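Engineer: One structure follows; several queries about it will come next.
The values are calculated or read from the model by the stated rules, or taken from the named source; none is laboratory data. Quick caveat: nothing in here was measured; it's all calculated off a predicted structure. Cβ atoms come from the backbone with ideal geometry, glycine included; neighbour counts cover every protein chain shown.
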Amino acid sequence: MIRVGLMRWRRVPFVSWRDIYSAYALMYGIELFHFTEDDIDFNNKVILGEFWDVGKGHFVKKVTPFPHIVQDIRFQTAPEVRPKLMENGVLVMHVPLENKFKQDKILRESPMAEIKKYLIETFNYDEADPLELVNKYKEIIIKPLNAAFGKGVYKLSKLENEDTYRLHYEHEAKEISSEDFKKYDEIFRNKQYIVQEYVDSRTNKGHPFDIKAHLIRTVDGSWKNLGNLPRIGSELGVVSNTDTGGNTLGKSDRFLEEEFGENWLEVKQEMETLIDILPKALQLGYDRTLTTLGLDIGVNRKTRMPKLFEVNGTINPTRYRVETCQGLIALHKQFHKERLQAGEPMPQEFIVAGNNKLYFDCNGVEALKKENPQVKTFVILGETSKESVGHLVLSPEVEAIICCDNVPKDISAGIERCSSAKVIKTTSIEEASETLAKMINKQDKVMLQGSHPNGIEMVADKVLGTNLASLRRKRRNMNVNGFRIEVVDAFSGRIKKYHGSRRFLQIPDTMGDLSIREIGKEAFAAKEELRKVVLPPSAKKIASHAFLNCKSLQEAIILSNVKSIASNAFEGCLELTIIGENGSYAQTYAQGQNIKFLTTLQYKQLQFKKRVKRKLKRMMKK
């Protein structure tokens with residue numbers, strides 16, 4: 001399963017944004033958690049994250065290994081955090097853009113020359129003469145290099161009287177002389193400020209305005225504009241940012257038509273050209289993939305030419321939170337897939353076992369050793385060892401192969417001939433454990449590979465002090481909230497039987513501390529009251545007759561993580577529609593079994609139409 005961490009500010013983000021993000025992650029089979037910079041433990045490679053607990057209905061905190069992807073939603077990032085996460089195989093997405101000078105340089109040097117007409121002349125304050133510039137342009141803007149939320153922005157205007165200027169800050173303005181300006185110069189000098197030509201982007205009534213475009217990358221590499229929102233500031237203000245007293249309007253077309261009359265389409269077309277070419281031009285200057293962009297665009301009142309005020313790497317998700325969450329989750333899956341195909345090293349899950357760090361039965365030995373060369377890798381072989389374990393016999397990354405007494409002699413002899421690792425024959429699990437214990441030191445990082453029926457948990461317990469085997473025995477069968485769970489291994493389980501009577505059922509991702517990997521044989525058989533079921537992101541398999549004769553079952557939401565469904569799993573479900581992702585195994589299965597199938601998007605559109613119809617009926621009754 002893909003693990004994604006959402007790195008946020010120290011204050012809790014909007015609840016709706018956090019909850020929607022978590023909901024979409026569950027739908028797409030992604031394990032998502034939230035954390036802040038202070039929650040990262042780089043020494044032990046763990047994070048104290050907040051996870052949504054389906055059973056409890058709220059977020060719970062728990063320690064987790066580094067995720068595959070970190071989605072950074074902060075405006076400012078500590079410089080050491082991103083590279084340190086990337087060193088550990090984490091892909092960091094959506095990081096803030098560098099300062100305005102770098103952006104301006106990238107865009108001005110871009111081979112896409114048409115972008116230049118939308119840029120504003122920008123100067124480093126320490127290398128410029130502000131009074132000379134204001135005499136040239138009549139009005140200039142002075143603001144911090146890394147300004148945010150419209151804070152710290154000044155406007156300096158040249159008046160008709162000689163040596164007289166107007167300095168405008170927030171909602172106040174005062175007339176000053178060049179001598180008076182020296183006091184303010186001390187505020188800006190050597191403090192990373194910039195100077196820009198002022199763009200007279202004001203409404204007919206004199207209010208400053210800009211239009212915020214919210215862009216998100218799609219999985220095919222193109223950019224989608226979620227919407228353009230006009231923002232209008234106070235008549236006495238310098239900027240239109242809502243954090244400085246501005247207001248946001250809902251419809252940009254209507255706003256442009258009211259402000260520019262018969263010329264509004266001309267303005268709109270220029271603005272759409274800017275929005276279309278800017279992401280492409282900006283991406284050329286970055287090695288990392290940009291995922292979201294917020295463009296602040298003004299319009300010069302005299303020339304009717306759109307001008308780029310600012311580019312942000314983050315967008316405010318308040319209005320477009322559903323679209324933003326859905327788009328980012330899709331990008332997470334796409335980027336993770338591309339990394340796997342490229343063979344890039346990934347963070348590995350581990351168990352803290354005393355002073356040791358145990359990578360238990362993990363996949364990707366070569367990738368783990370590349371990331372952590374000091375990890376000692378051991379293979380425990382038995383009579384029923386799987387092919388996925390057997391191939392490690394040929395791996396040069398394995399320290400030793402321990403053959404238990406039930407490994408056939410011809411197999412162990414063959415292993416000795418073809419393996420470069422040390423091969424050790426033992427007569428019992430106890431002897432295998434004692435042998436391994438002599439090869440491991442305190443604080444070693446250990447990777448154990450083996451098969452559960454051959455006692456790999458018992459070896460881990462005896463050598464590293466874990467309780468995997470006893471925990472597995474203790475939890476052989478569990479009863480949780482109407483579900484009878486059968487333990488598959490130390491970490492996962494299958495639903496053996498459901499004893500509840502719900503009409504709508506969302507199966508939890510975990511029960512107890514077991515991840516639900518399988519819907520067992522006849523687990524929901526003859527549950528005639530069941531109408532809708534949502535499978536958990538952890539599920540991989542649906543066994544035979546799992547939903548036999550669930551005659552009222554109309555909808556089954558099956559995520560793309562499910563890779564095996566028995567041909568008779570839904571036998572007798574005559575009204576069933578399967579909902580899943582386009583191109584998923586669930587879609588192939590539904591088509592092969594002549595079961596109606598809807599993509600997730602089609603299903604949402606259908607649900608929306610139903611809600612509209614219900615609303616219209618209620619209105620008609622009134």
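Engineer: Please determine whether any residue of the stretch 589-600 is modelled with pLDDT under 90 and on the phi < 0 side of the Ramachandran plot.
Structural biologist: Checked against the condition, which is being modelled with pLDDT under 90 and on the phi < 0 side of the Ramachandran plot, the stretch 589-600 yields at least one hit.
Engineer: Please work out which residue is surrounded by the most Cβ atoms within 10 Å (Cβ to Cβ), limiting yourself to the stretch 27-52 and to residues that are farther than 11 Å from VAL63 by Cβ and touching a Ser or Thr at 6+ places or on another chain (Cβ under 9 Å).
Structural biologist: Of everything passing the filter in the stretch 27-52, LEU32 is surrounded by the most Cβ atoms within 10 Å (Cβ to Cβ).
Engineer: Follow-up question, since we're still on this one. Among the residues of the stretch 96-119, is any under 30 Å from ILE329 (Cα atoms), of a type in the set (D, E, K, R) and not in a helix (DSSP H, G or I)?
Structural biologist: Looking through the stretch 96-119, at least one residue is under 30 Å from ILE329 (Cα atoms), of a type in the set (D, E, K, R) and not in a helix (DSSP H, G or I).
Engineer: Pairs, please: C-beta under 7 Å, at least 6 apart or cross-chain, first residue more than 11 Å from ILE211 (Cβ to Cβ) and in the stretch 254-279, second β-branched (Val, Ile, Thr)?
Structural biologist: What qualifies is PHE260/VAL267; ILE277/ILE115; LEU278/ILE115.
Engineer: Right, another one. Can you pull out every residue in the stretch 450-465 that is surrounded by fewer than 23 Cβ atoms within 10 Å (Cβ to Cβ) and either under 35 Å from the mean Cα position of the chain (by Cα) or at pLDDT 65 or above (or both)?
Structural biologist: Scanning the stretch 450-465 gives SER451, HIS452, GLY455, MET458, ASP461, LYS462, GLY465.
Engineer: In addition: Would you check if TRP9 is modelled with pLDDT under 80, surrounded by 15 or more Cβ atoms within 10 Å (Cβ to Cβ), outside any strand (DSSP E or B) and not small (Gly, Ala, Ser)?
Structural biologist: no
Engineer: Among the residues of the stretch 284-334 satisfying the criterion of being modelled with pLDDT of 85 or more and acidic (Asp, Glu), which is surrounded by the fewest Cβ atoms within 10 Å (Cβ to Cβ)?
Structural biologist: Residue satisfying both the conditions and the ranking: GLU323.
Engineer: Additional query: Is it the case, given these coordinates, that LYS337 is at pLDDT below 90, of a type outside the set (Asp, Glu), farther than 12 Å from LEU215 by Cα and not assigned by TED's automatic domain parsing to the domain that holds LYS116? First the steps, then the outcome.
Structural biologist: Working: at pLDDT below 90: yes; of a type outside the set (Asp, Glu): yes; farther than 12 Å from LEU215 by Cα: yes; not assigned by TED's automatic domain parsing to the domain that holds LYS116: yes.
In short, yes.
Engineer: For LEU574, all conditions in the list (1) under 17 Å from LYS596 (Cα atoms); (2) buried (at least 20 other Cβ atoms within 10 Å of the Cβ); (3) at pLDDT 90 or above hold save one; what is the number of the exception?
Structural biologist: Just one mismatch for LEU574, condition (2).
Engineer: Every residue in the stretch 201-231 that is β-branched (Val, Ile, Thr) and in contact with a Pro (Cβ under 6 Å, 6 or more places away or on another chain), please.
Structural biologist: ILE211
Engineer: Also, quick follow-up: Scan the stretch 58-72 and report the pairs whose first residue is within 19 Å of PRO83 (Cβ to Cβ) and whose second residue is in a strand (DSSP E or B) and charged (D, E, K, R), with Cβ atoms within less than 7 Å and a gap of 6+ or a chain change.
Structural biologist: So the pair list comes out as PRO67/ARG3; HIS68/ARG3.
Engineer: Hand me the list of strands (runs of 3 or more DSSP E) wholly inside the stretch 125-214 holding 1 or more residues that are in contact (Cβ under 8 Å) with a residue 24 or more places away in the chain, in contact with a Phe, Trp or Tyr (Cβ under 8 Å, 6 or more places away or on another chain) and buried (at least 17 other Cβ atoms within 10 Å of the Cβ).
Structural biologist: Here the list reads 139-144, 154-158, 165-169, 193-197.
Listed here are the residues, each with its yes/no results for (1) outside the structural domain of ALA539 (by TED's automatic domain parsing); (2) closer than 12 Å to ILE565 by Cβ; (3) of a type in the set (Gly, Ala, Ser); (4) touching a residue at least 40 places away in the same chain (Cβ under 8 Å).
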| residue | (1), (2), (3), (4) |
| --- | --- |
| ILE578 | no, yes, no, no |
| GLU581 | no, no, no, yes |
| SER584 | no, yes, yes, no |
| THR588 | no, yes, no, no |
| PHE597 | no, no, no, no |
| LEU601 | no, no, no, no |
